[in-house]
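The structure appears right after this line, and notes come after that.
Any read-out appearing in this document is the output of simple, stated calculations on the displayed coordinates, not a laboratory observation. A quick note: this is a predicted structure, and the numbers were derived from the prediction, not measured. Cβ coordinates were reconstructed from backbone atoms using ideal geometry, including for glycine residues, and neighbour counts include every protein chain displayed.
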Amino acid sequence: MLNLSEILMEHHELENFDDLVEIVKQRNSERFFRMDVIPPFPDTPENWEDRLEAAFY
């Protein structure tokens, strides 16, 4: 299982939400994706969960 918190801890270089989306697309080899934290970026959209889920699957 891939947790969003793991991605954020591993990738301190992320500067915005779009960068996070790209990392999630690259990490889609896991079977499940859990969004256990809210992305800490100022440009995080209201529909962030839907966008990350779409990027993962």
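A simple spin-label model places the labels of His12 and Lys25 2.6 nm from each other, with each point 7 Å out along Cα-to-Cβ. Karplus-based coupling profile of region 31-48, in residue order and whole Hz: 7, 10, 10, 10, 9, 8, 9, 8, x, x, 9, x, 9, 5, x, 5, 9, 4, with θ = phi - 60° in 6.51 cos²θ - 1.76 cosθ + 1.60 and x standing for Gly or Pro.
Binning the alpha carbon pair distances of the chain at 10 angstrom intervals from zero yields the distribution 25, 65, 10, expressed in whole percent. When shorter helices are ignored and each DSSP H run of at least 4 residues is given -39500 (n - 2.57), the per-residue value for the chain at 222 nm works out to -12500 deg cm²/dmol.
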